1. For a quick check of your reading of the model, give me the residue pairs whose first member lies in the stretch 178-194 and is farther than 13 Å from L130 by Cβ and part of a helix (DSSP H, G or I), whose second is open to solvent by less than 40 Å² (accessible area, probe 1.4 Å) and of a type in the set (G, A, S), with beta-carbon atoms closer than 7 Å and at least 6 apart or on different chains.
2. With the condition being out of contact with any Leu (no Cβ under 6 Å at 6 or more places or on another chain) and open to solvent by less than 70 Å² (accessible area, probe 1.4 Å), I'd like the strands (runs of 3 or more DSSP E) fully within the stretch 63-152 carrying at least 1 qualifying residues.
3. Just give me the residues in the stretch 217-227 being part of a loop (DSSP other than H, G, I, E, B), buried (at least 17 other Cβ atoms within 10 Å of the Cβ) and not polar (S, T, N, Q), in sequence order.
4. Somewhere in the stretch 209-216, is a residue assigned to a loop (DSSP other than H, G, I, E, B), under 26 Å from E83 (Cα atoms) and out of contact with any His (no Cβ under 6 Å at 6 or more places or on another chain)?
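The values are calculated or read from the model by the stated rules, or taken from the named source; none is laboratory data. Worth saying up front: this structure is predicted, and the values here are computed from it rather than measured. Here Cβ is always computed from backbone atoms with ideal geometry, including for glycine, and neighbour counts include all displayed protein chains. These area figures cover heavy atoms from the full protein model, side chains too; ligands, DNA and RNA do not enter into them. Shrake-Rupley method; radii C 1.70, N 1.55, O 1.52, S 1.80 Å.
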Amino acid sequence: MFLSNHNTIKEVLLFPAMKPRVDEPNAAPPADSSAPPTEEKGKKSKGGDNKNKGKSGDAAPAEGACEDASAFDIRVGRIVSVEKHPNADSLYLEQIDVGEEKPRQIVSGLVKYIPIDQMQNAMVLVMCNLKPAPLREVMSFGMVLCASNEDKTQLELVPVPEGAKAGDRVTFPGLKGQPVPEVPKKKLEKLLPGFKTDDEGVATWNGVPFTLPSGVCKSNLKNSRVS
């Protein structure tokens with residue numbers, strides 16, 4: 001049916017497909033189905049990527065990767081400088097060479113156990129892949145490992161074998177994993193109780209010895225906790 005200016009409203013409603021076409025001055029052209037996604041869609045994709053960040057690619061391994069001591073990055077370090085913490089009498093502030101470009105800053109609660117002159121230049125074991133944390137307003141980037149009895153009336157730095165060098169990494173024979181970038185707190189709490197010295201004083205995780213290229217790490221404290 002041809003619609004003229006005399007068509008009634010009823011006719012237009014009954015035959016909407018035959019309504020005259022009116023060109024709008026600023027109407028957008030029809031979308032090209034081959035065109036790339038709009039910026040808005042791109043933004044949504046980006047948000048989706050952020051939601052999954054850390055689950056694939058080069059992201060940190062999932063917590064499931066931290067099932068045994070092989071997840072820990074434990075290295076030999078040499079304390080190049082040590083001083084009292086500026087905000088706490090019970091803490092030391094150490095700079096420790098662990099084979100990196102510059103010394104690593106560590107805060108340790110060892111003042112009442114180990115004299116400062118015994119800390120200076122000491123060869124120690126450092127757990128390097130813990131989450132950095134402020135201790136009395138000073139950042140600490142790891143933990144110095146010590147052996148101690150249950151009530152901590154006896155405590156000593158875990159000794160390293162002769163010939164060990166700063167940066168040497170502890171391995172655990174038979175454990176196939178690799179150190180993760182950062183051990184999650186829940187995994188740390190779960191795995192840390194397995195660190196102990198055996199009846200010969202050898203530092204172990206669930207009986208597997210701390211092993212360096214120069215030998216195993218052996219403490220004077222037997223059947224003691226290591227932390």
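1. The qualifying pairs are G194/A69.
2. The qualifying strands (runs of 3 or more DSSP E) are 74-85, 88-97, 104-108, 123-127, 133-135, 138-140.
3. The answer is C217, L221.
4. Within the stretch 209-216, none of the residues are assigned to a loop (DSSP other than H, G, I, E, B), under 26 Å from E83 (Cα atoms) and out of contact with any His (no Cβ under 6 Å at 6 or more places or on another chain).
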